[in-house]
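Worksheet: the structure to be examined is printed underneath.
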Amino acid sequence: MFSEWKFTIRDIAEKPDLFMSGHRACAGCGPAVVMRLVLKAVRGPTIVTSVTGCMEVVSTIYPYTAWNVPWIHTAFENAGANASGIEAALKVLKRKGRIKQEHVDVIAFAGDGGTYDIGIQALSGAVERGHDFLYVLYDNEAYMNTGIQRSGGTPHGAATTTSPAGTVIPGKPQYKKPIADIMVAHNMPYVATASPYYWKDLITKARRGIEVNGPAFLHVIAPCPRGWRYDTSKSMEISRLAVETCVFPLWEAVNGEYQLSAPSKVIALRPERKKPVREYLKVQGRFRHLFTPKFEKVIDEIQRITDERWQRLLKKCGMA
Amino acid sequence: MESVVKQKVLALNGDEAVAYAVKQSDVDVVAAYPITPQTIIVERFSEYVANGEVDTEFICVESEHSALSACLTASAVGARAFTATASAGLALMHEILYVTSGCRAPVVMAVVNRALSAPINIHCDHSDSMVERDCGWIQIYAENSQEAYDSIIQAFRIAENQKIMLPVMVGLDGFTLSHTLENVHVLPDETVKNFVGTRQFPLVTTHEGKTVPLRLDVENPMTIGPLDLPDYYFEHKRQQEEAMRNAPEIIKQIHEEYARISGRRYGDGLLDPYRLEDAEIAVICLGSTAGTVKTVVDDLRNEGVKAGLLRIRTFRPLPVEGITKALEKVKAIAVMDRSMSFGGHGGAVFHEVRHALYDAATHPHVVNYIYGLGGRDTSPSQIREIFNDLQKILETGRVKAPVQFVGLRE
Amino acid sequence: MTNHEKGWKEIPIAGVCWKPTTAYKTGDWKTYKPVRDSEKCTRCLMCVIFCPEGAIHWKAEENDIEFDYDFCKGCGICANECPVKAIEMKLE
């Protein structure tokens, strides 16, 4: 099914950046790393569509653009619809002999805002119709571009500006919507989760998503120093901790069949390597309020749901 | 000198006529969501697709917002794109209407004019498209299904004209036109195909420093839909306005070209006057009601009354000069609005006609009649009463009420 | 910001961007600058991969990496991730 593209770090390093330098993301931006790495997986002619959000705004402040690919942005909630239109146009124009490329890949980028919440309808519709495109969700777990407001992707207990750490309510009361599982339930050919720290895994998965004939969904954790409140140098470290604590396990579902990816598989095989969530939470200011006597129990709750979701995943992967 | 082409006559309702026009216009992508009274357009078109009568990607999107989004990006890639909607569907697309115009995508849309909720009403009025008059789309309103057919075909040429590059919406009255059978003269397939031609693209300079056709092309990457800060947004909007200013002449030219081939003309393409040359009193309206008004005008003329009608076909861009000229000799004018502007002291067309006449040499009486909301039928006798009011205004020189409601139960 | 702002007749329609971001040097954002100890560096290229700016380049012909300070924002990811701690963030 997949070409099993083999590449070395040198191959990746030598590929020119299609997401160019000079964009105005914050220093240490996790999503920016994700943009660069996903575009390294491009295999040929590609058209990209992004929706409103950090990565769209920082990369296209008129008259500058960071995109060295054909790129269009229209609105916030229509990544799925944008991709559908592009894909359909390419199909018919090729049939009518009006474009010369044999095949053009389509990639849609959206944040958690444009995916979990306002964008879920268009995404679900596009997937149901089976359009051939890769949808990349760069998940910084809040509406970061507008000032760190909570989204459906914000985890339980996290402080955001609309779920602040108050004296009565300690951060977001609700839980993180299992968006990738929702996408698997669409019976789509390829769904995967990735973390930019595990760059090789991420690029491999992005390439698979591009290659798959039909819709593919890639959910990437993309830490934000500003919104998660940590030193700018720690974005990759936190991307690693998310996986090591099983808060964000790495897996693929090929035609609905779940499979753990190496970094998480290692933990499944050696449970002693699973780090307590505390190690992930304590380096982020957005969870700082939990390290108080009053709200400590929320950490236990986070550990509990992390463990529960991890066990459920293991079962799906046949590794319980 | 082209002669009029031989045409077939088909019994089609307005929706079917639109679908037929789209079928013949070499449309690449249709993305649409059903809503009464547009449903027949998408249903008929799906049949064409299923029977291989068109080579079009038909996307059954999950909402109207997605319908226009998909048409917009398809158009940006270089496809000829079409959609259709009404009422709440158009309202749901609202955000993307502005975006489509801002991205200069020549999408064509049929709007089967229907009232906006609440309460929900599925019948005809112009509130859906009237409220979108600021969004940067060219607006054409058809009087009958024949004109709807003709206008859709012309719309592709208008939208794609390199001095315009704006999306075009063609309005046809819900149920009155969309669901009523008419004898529609259709041009041969070849004729329409030649008339609409293939899409040509204006040139833009990209970040690579190249000047290339405006489309998403992997050979010449470009960015469409950036973030504008206050330093550039105004200039981009002025560009759209310039396109609107270029449009009237081009709409007239395309209308004339089409008239030579089809034998059918609607005034000059912008305004369609009826017995207006020496009229002292006149009604102004849009859409199918014009047909009823014409009957009343004929009756009045037979009685020696100098009555006339000015139908506005192209509402955006507003043909200000044409309106002023057409109404030069008219002394009392009734503007019929099939939509309300709550709190606005009259409807949109009323406001705009008064605006057009404000700087005119003569200062005729202009009054407003709000009518037909939610599909309320307007009879010839009710229209006759409007003309009676105009005559009274002429006699007394006084206006009793500038804004009135036709057939409203008090 | 200091160059002549173009008028509506001069700019391309449809909001098409006419400058690449590489013409916008974000290097002056940084407070701390990564300095690499070339001896310690193993050319593992992790820094090249992880830089959000793409401001660290692998120069195959020189068999070495190069920091592009025109774009480096001084985030420190490279220093944090370097497996041999060959990069130090120094105050500019």
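The values are calculated or read from the model by the stated rules, or taken from the named source; none is laboratory data. Note that the coordinates shown come from a computational prediction; the quantities given were computed from them, not determined experimentally. Positions of Cβ are generated from backbone atoms using ideal geometry, with glycine treated the same way; all protein chains shown enter the neighbour counts.
Filtered by the rule that a residue be more than 10 Å from every other protein chain (Cβ to nearest Cβ) and surrounded by fewer than 24 Cβ atoms within 10 Å (Cβ to Cβ), region A:128-141 gives A:130, A:132. Residue count for region B:27-58, restricted to those that are more than 8 Å from chain A (Cβ to nearest Cβ), in contact (Cβ under 8 Å) with a residue 24 or more places away in the chain and part of a loop (DSSP other than H, G, I, E, B): 8. Considered as a group, the residues in region C:35-48 that are aliphatic (A, V, I, L, M) and touching a strand residue (DSSP E or B) at 6+ places or on another chain (Cβ under 9 Å) include one that is surrounded by the fewest Cβ atoms within 10 Å (Cβ to Cβ), and that residue is C:35.
Could you look through region A:220-243, keep only residues that are surrounded by fewer than 24 Cβ atoms within 10 Å (Cβ to Cβ) and outside any helix (DSSP H, G or I), and pick out the one that is nearest to the other protein chains (Cβ to nearest Cβ)? Once the filter is applied, the top-ranked residue is A:231.
In region B:216-331, counting only helices (runs of 4 or more DSSP H) that sit wholly within it, the ones holding 1 or more residues that are over 22 Å from residue B:380 (Cα atoms) span B:233-262, B:320-326.
Evaluated against (1) away from every other protein chain (no Cβ under 12 Å); (2) out of contact with any Leu (no Cβ under 8 Å at 6 or more places or on another chain), residue B:205 falls short on exactly one condition, (1). Which residues, counting only those in region C:58-85, are surrounded by fewer than 20 Cβ atoms within 10 Å (Cβ to Cβ), farther than 17 Å from residue C:24 by Cα and more than 8 Å from every other protein chain (Cβ to nearest Cβ)? C:59, C:61, C:62, C:63, C:64, C:65, C:66, C:83, C:84, C:85 - these are the residues of region C:58-85 that are surrounded by fewer than 20 Cβ atoms within 10 Å (Cβ to Cβ), farther than 17 Å from residue C:24 by Cα and more than 8 Å from every other protein chain (Cβ to nearest Cβ). Select from region A:21-35 the residues that are crowded, with 24+ Cβ neighbours inside 10 Å, of a type outside the set (Gly, Ala, Ser) and facing another protein chain (nearest Cβ under 7 Å) and write down the one among them that is nearest to residue A:64 (Cα to Cα). Only one residue tops the list, namely A:23.
Checked against (1) among the β-branched types (Val, Ile, Thr); (2) within 13 Å of chain A (Cβ to nearest Cβ); (3) in contact (Cβ under 8 Å) with a residue 60 or more places away in the chain, residue B:61 passes all but condition (3). The single condition among (1) farther than 24 Å from residue C:51 by Cβ; (2) within 14 Å of chain C (Cβ to nearest Cβ) that residue A:79 does not satisfy is (2). Scanning region C:34-41 for residues that are of a type in the set (S, T, N, Q) and more than 10 Å from chain A (Cβ to nearest Cβ) turns up at least one hit. Does residue B:175 satisfy the criteria of being of a type in the set (Phe, Trp, Tyr) and either within 16 Å of residue B:109 (Cβ to Cβ) or in contact with a Lys or Arg (Cβ under 6 Å, 6 or more places away or on another chain) (or both)? Considered against the rule, which asks whether it is of a type in the set (Phe, Trp, Tyr) and either within 16 Å of residue B:109 (Cβ to Cβ) or in contact with a Lys or Arg (Cβ under 6 Å, 6 or more places away or on another chain) (or both), residue B:175 comes out as no.
Here region B:267-305 is the region considered, the condition is being of a type in the set (Gly, Ala, Ser) and under 27 Å from residue B:247 (Cβ atoms), and the residue that is nearest to the chain's Cα centre (by Cα) is B:287. Do we have residue B:261 as under 30 Å from residue B:99 (Cα atoms), out of contact with any His (no Cβ under 7 Å at 6 or more places or on another chain) and surrounded by 17 or more Cβ atoms within 10 Å (Cβ to Cβ) here? Here the answer is no, as residue B:261 does not meet what is asked.
Is region B:228-239 home to any residue that is under 21 Å from the mean Cα position of the chain (by Cα) and among the acidic types (Asp, Glu)? Within region B:228-239 (the criterion being under 21 Å from the mean Cα position of the chain (by Cα) and among the acidic types (Asp, Glu)), the answer is no, since none of the residues qualifies. Under 22 Å from the mean Cα position of the chain (by Cα) and either at pLDDT below 95 or more than 9 Å from chain B (Cβ to nearest Cβ) (or both), is that true of residue A:115? Criteria met by residue A:115.
Residue by residue, here is whether (1) within 14 Å of chain A (Cβ to nearest Cβ); (2) in contact (Cβ under 8 Å) with a residue 40 or more places away in the chain holds:
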residue	(1), (2)
B:201	yes, yes
B:220	yes, no
B:243	no, yes
B:270	no, yes
B:273	no, yes
B:282	no, yes
B:289	no, yes
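When restricted to residues that are of a type in the set (Asp, Glu) and either assigned to a strand (DSSP E or B) or under 16 Å from the mean Cα position of the chain (by Cα) (or both), region C:41-64 contains 2.
Could you list all residues from region B:204-214 that are part of a loop (DSSP other than H, G, I, E, B) and crowded, with 22+ Cβ neighbours inside 10 Å? Selection gives B:206, B:207, B:214. Only one entry of A:110, A:81, A:122 meets the criterion of being crowded, with 24+ Cβ neighbours inside 10 Å, at pLDDT 95 or above, in contact with a strand residue (DSSP E or B) (Cβ under 7 Å, 6 or more places away or on another chain) and of a type in the set (A, V, I, L, M), and that entry is A:110. Filtering C:25, C:6, C:19, C:30 for residues that are among the basic types (Lys, Arg), in contact (Cβ under 8 Å) with a residue 60 or more places away in the chain, at the interface with chain A (Cβ under 9 Å from one of its Cβ atoms) and surrounded by 12 or more Cβ atoms within 10 Å (Cβ to Cβ) leaves a single hit, C:30. Taken residue by residue, region A:268-290 has no member that is touching a strand residue (DSSP E or B) at 6+ places or on another chain (Cβ under 6 Å), assigned to a loop (DSSP other than H, G, I, E, B) and not hydroxyl-bearing (Ser, Thr, Tyr).
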